[in-house]
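A quick write-up on the structure given underneath.
The values are calculated or read from the model by the stated rules, or taken from the named source; none is laboratory data. The structure displayed is predicted, hence computed values, not measured ones. Glycine also receives a Cβ, built like all others from the backbone with ideal geometry; neighbour counts cover every protein chain displayed. Ligands, DNA and RNA are excluded from the accessible area calculation, which covers all protein heavy atoms including side chains. Shrake-Rupley method; radii C 1.70, N 1.55, O 1.52, S 1.80 Å.
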Amino acid sequence: MRWADYSAGAPGPGSLKAAGFGGVIRYAGLGRGTKRLTGREYRNLVGGGVAVALVVELGTDDAWGSGTDDDFARGAAFGRAGLADARGMGIADSALMACAADSHAAAYQLDDVVRFASGFASVVGRNRAGFYGFSETLRAVHDAGVVSWYWRCGSRPTAAERTWTHLWQRNDGTVRVDRIPCDINEQYIPLPGGGTGSAPGNDEETLMLIPAAPNGDHFYIPLAGRPPYLYLFAGYGDTIEIKQMDFVRSTKEGTQGDFVPGAEIRNFTFLSDRPGPLDLRSVAAAGAIGISIWYQAKHSFTAYVG
């Protein structure tokens with residue numbers, strides 16, 4: 001079986017199958033425009049009999065970051081971004097999802113790569129988590145055993161490497177499907193059947209699609225009974241202006257009203273190219289059960305508590 005990956009459009013399932021592809025690997029969670037899979041494209045692909053796997057990638061240095069940040073935490077943040085986006089599109093938690101290192105790594109960076117992949121798998125679930133990379137990063141992640149499938153770029157795997165490498169992104173050209181350039185990925189061994197990630201299931205209380213509001217709008221998302229971290233995910237380059245964020249308690253207490261006193265947040269910006277949570281442990285400990293947010297945004301985005 002061959003898999004296509006692409007970022008410049010959305011070829012139809014019939015055209016993909018006619019070109020010899022049985023599956024596609026599409027970007028989720030980070031990036032914007034035609035790079036990102038949409039719910040409509042996903043439904044069109046699976047309805048047309050094309051398998052869909054996902055990859056979460058922002059830049060070529062995702063797997064080693066700045067050199068001073070927490071690689072495991074960054075990998076976990078990427079995993080949450082992918083999960084939130086996939087769930088927002090109605091994609092089941094069994095869908096395969098990979099993180100990536102899209103450039104060669106120096107020897108001293110390989111430990112960072114493994115920690116990054118470990119953080120990603122800790123959120124997505126090892127049974128469905130994969131890794132994309134060149135020979136040295138793929139080997140390091142494989143030897144660590146932190147994910148369940150391996151997607152090679154660059155040189156063709158050796159015969160020995162093909163015994164554990166699931167996919168190879170060919171380095172000898174692309175094909176055009178519906179005039180869209182597609183990389184060709186050869187499958188060597190069966191991909192895992194997937195598995196359920198460790199994050200909670202999709203429901204209105206943990207995951208919400210928030211509409212664009214250039215002139216401002218308001219939404220409320222529950223916090224009770226869930227890990228107290230708030231994520232906002234938007235297309236790459238988009239921003240979300242938070243005018244005011246209040247933390248709601250269950251009952252009025254004296255003259256303090258329904259909100260945790262002194263905890264409100266005003267006038268700050270979420271940047272889409274820096275995925276990561278807002279830590280709400282202190283307000284949860286003070287009795288907050290929900291978050292009331294007044295915002296401005298030119299594009300829709302996803303809010304997730306988990």
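A 1.4 Å probe run over the chain, with the rest of the protein chains in place, finds 43 Å² accessible per residue.
In straight-distance terms, cross-link reach from Lys35 covers every one of the aspartates and glutamates whose alpha-carbon lies under 12 Å from its own, apart from those fewer than eight places away in the same chain; here that gives Asp5, Glu57. Computed from the C-beta positions of Ser66 and Glu241 and an R0 of 25 Å, the FRET efficiency is 0.45 to the nearest 0.05.
With a Förster radius of 45 Å applied to the C-beta separation of Asp258 and Thr38, the computed FRET efficiency comes to 0.75.
Atom-type composition of the exposed protein surface of region 37-182 places 49 percent of the accessible area on carbon and sulfur (1.4 angstrom probe).
Pick out which of Asp258, Asp70, Asp111 has the largest mean-square fluctuation in a Gaussian network model of the chain, springs linking Cα atoms closer than 10 Å. Top of the fluctuation ranking is Asp258.
Taking 7 Å steps out from each Cα toward its Cβ at Asn171 and Ala18 produces label points 3.3 nm apart.
Taking every alpha-carbon pair within region 89-164, the share separated by more than 16 Å comes to 46 percent.
For the chain, the membrane-span-like helices by this rule, meaning whole DSSP H stretches whose C-alpha atoms cover at least 18 Å of axis and whose Kyte-Doolittle mean is 0.5 or above, are 110-124; this says nothing about an actual membrane. Once both labels are positioned 7 Å from their Cα atoms along Cα-to-Cβ, the gap between Tyr108 and Ile265 label points is 3.5 nm. Counted over the chain with a bin width of 10 Å, the fraction of Cα pairs per bin, in whole percents, is 6, 26, 32, 21, 10, 3, 1, 0.
Beta bridges from DSSP with both residues in the chain: antiparallel share about 65 percent, rounded to the nearest 5. Distance between the modelled labels on Asp279 and Ala160, one decimal in nanometres: 4.4 nm (7 Å Cα→Cβ projection).
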